[in-house]
Each structure stands twice: as structure tokens, then as C-alpha cells.
Amino acid sequence: MKYLPPLVLLPLCICSAAFAQVTAPASEPAPAAASAAVPPDQKPDEAAEDFIPIKAFTAPGHIFQPMISPDGKRIIYHEKIGDKNYLAIMSIDEGKEKKRLGVPLRLNWYRWAGSDRIIFSVGNSFALLGIPVLVPGLYSYELATGEYEKLSDRNEVLAGGTVLHVDPHGRYLIMAARESVRDYPSVFRVHLTDKQVVKIVDEQDRINEWVADGDGVIRMGLSYRGRSMRVYYRRGDGEEFDEIGRVKFRGKEEDIENSIYDITKIIAGSDEGYLLSNRDTGRFALYRFNFATREFGEKIFDHPDNDVSDYQLNADGSELLSVSFTDTRDRKLWFDEKFKKYQAALEKAVPGQEVWIASRSENDERMVIFTTSSTDPGSYYLFEPAAKKLDRFGGINDSIDPARLSPTQPVSYAARDGLKIHAYLTLPRKSPAQMLPLIIFPHGGPFGVRDTPDYNRDVQFLADRGYAVLQPNYRGSSSYGEEFHLAGEGEIGRKMQDDLDDGMDWLVEQGIVDRARVCIYGASYGGYAAIWGLIRNPERYRCGISYAGVTDWKKQLRFSSKFLRSRYRKELRNVIRGDDGFDLDDVSPAENIAKLQRPLLVGQGKQDRIVPESQFELLLKRAKKANITFDTKLYPNDGHDLVIRNNQQDWYKTVKSFLQKHNPAF
């Protein structure tokens, strides 16, 4: 897993729901579904007009990713007002006075460099109130003067670089960047005071990633070669990098040379550090590790069922603060006693919510807190521990009343081959939990991704319209260990699809769902699963909805291997194909569209760079040849994720009408 700079992304934040674990016996195949026509005795419920408006679900988020300055005096965040985007700077001690800077739709990242400077990266041109248009690149903004400096003017390659370290006093930053598409990344020190750019580590043959310690010294290089990774290490500046090991991505889990690990952090001025490895159990756990001797130290933490996903050190990288993992929800376990107490106090102050410490001042006197649940898009607070003060200053989407949303709960069931599948179930609050219409809603990926019970706009939209929604973490989903991952290899369109169907059977057996009123809906890989579900098992589904779904696996793999990248970094063609003799055409919708018997809605963004428009066009071409018709939506100005509000509203209206026609809830 590629490690991202800690201040770029917020942690995933999800709800705390009671864990309901039920294991259902393997099911027999379902009988043929009833006709897609509305049963004659079923009439639209006139009382079911109290729906949350689509415009509320698609309301532009208010603020995102707030970060407090090291001195605790200001907070920066991405703000949306109407259809306009801003980078906002809020002064905490001056009546929460705000200064807004116009930003592009594509603001790559931003962060503090000291307390008086912000650095940010943009991906397209935009205008900043009253100053010349800025072009793509890396910028510095000084709060005292209000002046901008394009740091990448000194070296254009920095525009696409990766920040490895920022000096806490804001004097410089360390970045890795490729000087051309043919080069491997070099490392640069960018001085923020005099704007000088100095190369401190030359590119090295086939080293793809660099790792810095807590002081910003480049100590490690990682080179991915086929099914292995070579690890290069040095003890400090001025020394050569020596190969210290080769990590095989398959084989016996006996030692560092053939175990899988990721997310490496090195303690400043030391050969000691931490890493995550699955060497003992097949599940990633946190270990101490000596990078000079290649020796594992004690196991710090593991989970009996799930992978450890990350860990956090203090500001100078000398002490371990916490570990993160996902079981029924995302969690953080604090080792630091002070933060344990803060966490407990915050959870008591905001009952029924997940509480996350998202950003902290240097002295921990002020913190940004994020709270959320499956029925709450999320709120941001300023927390002052000494004053015991928690002050809300914004939310993700304040247009929705959480009381009108439907709680999501974790469940589990047995697949037909006995494998335990974890899932999330959301039931409509306006209907009794019996004989409900169901939407199977598989996540994207399929590898390296999983669903959690955090707020999901699509799920809540469907539940508000009267549907039960099941989100299965089918085999191959992340965080369940290597054995569960391996169970998904070569099973796209096969056992992965069985896991979805078996979830439907389990809900039918519980009496919660009407077998004759089931549709399947997803995006990206989930979009593929929706189309394939209708082709593979038309007797199960009344309809299907796909957005940005893969339709031809051979062509998709040629287009981009990144689509299916997993934590295990193995050869993706083998992961997808499985058996050497298996033909991917056998599970590709474009090659089998002539078998389609059920109503289908297919959406696509013309600007999609992950699942390209050519996948959509190929499906249309093959369908026309086979004299097959279905509903389509193409958004010329949008991509893999619908980000333009008008398009979001149009898509939800289209989905609502499609479901009302082919599988009405009332």
C-alpha cells in the first residue's frame, strides 16, 4: 500500500452500530423471479411522499479536510459555497474571521509549512481573486504578506512530486519527483525562504519510492520488480544505499526475505523503526524492526481477525502514538495515555458518533475533531482540552437531517462454499423489516477495497426511497487477511458473484427481503458486477444499474493495471484470470450481452480515466449487433466519480425513475 503524507487525507470515519452476526446455511439456487411487471395488487403508497429531496443529498459539502496550524491560531480547509470552491483560512482568536482563496475543482493537496505558510498543489489553471491566473504546479502562500510563489518554477518536475517531509518550522520541504517520464524519482529539498531547489538524492536504478525518517533524512528506497520488492537502506546522509532484503509477494511466510510488508516508518537518528507485516498469521500486524540488521523485534499489536492498516508516530517520529484497523468499523487504538483520555471524553460528549482526532496543534492545546455516523455525513469541531470546550465550526452536508436517515448495521452470512462473508445492511426506516425490495450494492475495487458502515449517499438515497440495501464485502475485499484475499483470486464473475447472490438468499431466508423484488446496483467494479449479475443470473434480478462498470476485462487490463492494484502487488493478470486456461471473455459483459434479459441502466463519464468511455462504447456496439437495448446515460463533462452537482442530480433522478418503473418500492 502506498503511504500518503499524513496531513493530506482525513482518516475514514464511520458509524458505531451494534454488531449483528448471523451465519446462514448454504442456500439452494433461488427459483425464477416473478415477472418484472408490478404485481396487480400493489399500488404506489400515497403516504410515501415524505422523501428527502435529491437536491439535499447532492448539496455541495460545506467544508472538507480542515487542518490546524502548528501554533493553533488558524485552521485551513477546503470550502464549497454553491458551485464555487475555496481554500479558506479561519483565524480562531479573531472572531473566526475567514479569508477565502478561489481554488480549482482539482486541488490536489494542501498543508501547513510552519504556522505562517501554506503549500498546495493544483492540477489545472484557476484565478485567485484579483491576482494573475495560476497554472498547474506547486505553490507557497505566505499569510503575512498574502503573496504567492510558484515553487515549481524552479523545477517543473515538482508539480507532480510527492511530499516526503515538511520541516515543522516551515523552512523547507523534501519531495520525490521524476525529472522525465523515463526517469525514476530523485529527491529534492525545496527551501521555502529563498525558494532554492536542491537535489539531495539522485535517481537510482529502478527505485520507485523513497522513505524519509522523522527528521526528513532519506533512509530507504523501494524497488518493485515483478513479484518481489528490493529494499535499499542507509544509516544517514552521505552514505550509499545498500540492498538489505528482497520481499517476495508469494511463498512461505518465514522471514523478512519472503514476507509481505508495507507502511514503513523509521525513527529519526536510529536504525530502529516499525513496519506492518503478515509474516506470522497472514494478517498484517505491527512490529518493531531494525533496518540495519533486518531483524524483527517484538510484535506490538495484531488483531485476531483483521489487518492493521496504519500506525501513527509523534511529531519527531520517536514514539508510537496509535494503530489503526478496521473490523466492523474503522478504529484507532491509542497507546498514549493522554490521547486515550481525550478519546474517552470526546465519545462521552458526542454519544452515538464516531469521534476522530483529525488534526492537532504542536502543543496539543487545540485540535480539530471529526464526528460521523451512518446517519450523519459528519461535523467538525474545535477541541480545547484544558478548557473542556468543543465548538462545532462546520459540517460535510448540513442540508440533511440525520433523524431522517436509516442506520447501517454489520451482518455476516455463509457463502455457498462455507466462506464467511461480512456485509452491511441498511433497512428503510419507513417500512417494517419484512418482504422488502432489495438493492445489492457491491463496492468497487475489487481488491484492496472494502465497505464500512460510514455515511454513504447512495445507500441512504435508496433506503429513503424504501429499499433495503446490502453491501457485501465479498472475497478479495481488503482488511480480512491474506487467506480471504487469496480466496478472491481468479474469482471475478465467479465466486465473487456467488457471494453477492448468497447474501440475497440469506436475507430471503430471514424473511427480510422478497426474492421477487431484487435489483443490483454498483459503480466501477460494482458496476461490472451489476451488469454481469443480470447476464449470469437473470432469474435472480428484476433489474440492474451500472455506473462506470468494466465491460471487457482483457481490454481493461491492457488499459490500466492500476484499476486492480492490491496490497499484495502481485501480477494482476494472474489475480484476475486465476486458472491458466480460463478465458476472461467468459465473464466479460460485452462478450455476453446477447444473453441480457432484464432491464439495465448504464451510466458513464466521458472524462473517466480509470474505466474509459471505450468500455461503455464497446458494450453499446456489441448490444446493437445482438439487437439488445437498455437505458444509458453519458456525462460528457464528468469522470469516474460524478463530481458535478447537476450530473449528480440528473443521475439520481434517472435511477429513481428506473427503479420506480422496474422494481417499485411502494
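Overview of results
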item: Hits in region 71-96 - residues which are basic (K, R) and within 28 Å of N363 (Cβ to Cβ); result: K73, R74, K96
item: Residue, nearest to the chain's Cα centre (by Cα), within region 533-552, restricted to residues that are free of Cβ contacts under 8 Å to residues at least 60 places away in the same chain and surrounded by 24 or more Cβ atoms within 10 Å (Cβ to Cβ); result: S546
item: Filter pass, G490 being in contact with a Phe, Trp or Tyr (Cβ under 8 Å, 6 or more places away or on another chain), among the small types (G, A, S) and buried (at least 24 other Cβ atoms within 10 Å of the Cβ); result: no
item: Helices (runs of 4 or more DSSP H) wholly inside region 443-534 containing at least 2 residues that are closer than 25 Å to P589 by Cβ; result: 457-464, 495-509
item: Filter result for the condition that a residue is touching a Lys or Arg at 6+ places or on another chain (Cβ under 7 Å), among the β-branched types (V, I, T) and open to solvent by 20 Å² or more (accessible area, probe 1.4 Å), over V449, V508; result: V508
item: Criterion (out of contact with any Gly (no Cβ under 9 Å at 6 or more places or on another chain), of a type in the set (G, A, S) and open to solvent by 20 Å² or more (accessible area, probe 1.4 Å)) met by exactly one of A315, A285, A292; result: A292
item: Residue that is among the aliphatic types (A, V, I, L, M), assigned to a loop (DSSP other than H, G, I, E, B) and at pLDDT below 85, where the choices are A48, A59; result: A48
item: Counted residues, region 287-316 - those being over 22 Å from R246 (Cβ atoms) and at pLDDT 90 or above; result: 15
item: Wholly enclosed strands (runs of 3 or more DSSP E) of region 367-413 bearing at least 1 residues closer than 18 Å to G72 by Cβ, in contact with a Pro (Cβ under 7 Å, 6 or more places away or on another chain) and not hydroxyl-bearing (S, T, Y); result: 367-373
item: Breaking point among (1) closer than 18 Å to L405 by Cα; (2) of a type outside the set (F, W, Y); (3) open to solvent by less than 10 Å² (accessible area, probe 1.4 Å), for R429; result: (3)
item: Residue list for region 239-278, filter: at pLDDT 85 or above and either of a type in the set (D, E) or loosely packed, with under 15 Cβ neighbours inside 10 Å (or both); result: E239, E240, D242, E243, D271, E272
item: Where L620 falls short, out of the listed (1) assigned to a helix (DSSP H, G or I); (2) modelled with pLDDT under 95; (3) open to solvent by 40 Å² or more (accessible area, probe 1.4 Å); result: (2)
item: Residue satisfying condition, being at pLDDT 95 or above and touching a Cys at 6+ places or on another chain (Cβ under 9 Å), within set Y424, Y455, Y474; result: Y455
item: Residue within region 557-565 that is modelled with pLDDT of 95 or more and either within 21 Å of S657 (Cβ to Cβ) or not acidic (D, E) (or both) present; result: no
item: Whichever residue in region 146-204 is among the aromatic types (F, W, Y) and out of contact with any His (no Cβ under 6 Å at 6 or more places or on another chain) and, among such residues, is least open to solvent (accessible area, probe 1.4 Å); result: F188
item: Qualifying positions in region 380-413 - of a type in the set (G, A, S) and surrounded by fewer than 18 Cβ atoms within 10 Å (Cβ to Cβ); result: A386, A387, S399, A403
item: Every residue from region 206-238 that is aromatic (F, W, Y) and surrounded by fewer than 17 Cβ atoms within 10 Å (Cβ to Cβ); result: Y224
item: Pairs where the first residue, in region 387-398, is among the β-branched types (V, I, T) and the second is modelled with pLDDT under 90, C-beta under 6 Å, 6+ apart; result: I396/G61
item: Filter result for the condition that a residue is over 21 Å from the mean Cα position of the chain (by Cα), under 30 Å from G269 (Cβ atoms) and among the acidic types (D, E), over E347, E295; result: E295
item: All positions within region 62-75 that are at pLDDT 95 or above and part of a strand (DSSP E or B); result: P66, M67, I68, R74, I75
item: Residue pairs meeting the criteria (Cβ under 7 Å; at least 6 apart or on separate chains; first within 18 Å of S140 (Cα to Cα), in region 81-93; second open to solvent by 40 Å² or more (accessible area, probe 1.4 Å) and modelled with pLDDT of 90 or more); result: I89/R74; M90/R74
item: Residue satisfying all of: in region 582-600; farther than 26 Å from S228 by Cβ and surrounded by fewer than 17 Cβ atoms within 10 Å (Cβ to Cβ); modelled with the lowest pLDDT among these; result: D583
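Table: residues versus (1) over 22 Å from the mean Cα position of the chain (by Cα); (2) assigned to a helix (DSSP H, G or I).
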| residue | (1), (2) |
| --- | --- |
| D641 | no, no |
| Q649 | yes, yes |
| V655 | yes, yes |
| K661 | yes, yes |
| P664 | yes, no |
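The values are calculated or read from the model by the stated rules, or taken from the named source; none is laboratory data. Bear in mind the structure is a predicted one, so any value in this text is a computation, not a measurement. Positions of Cβ are backbone-derived with ideal geometry, glycine not excepted, and every protein chain shown enters the neighbour counts. Each accessible area value is taken on the protein alone, full model and side chains, heavy atoms only, with ligands, DNA and RNA left out. Shrake-Rupley method; radii C 1.70, N 1.55, O 1.52, S 1.80 Å.
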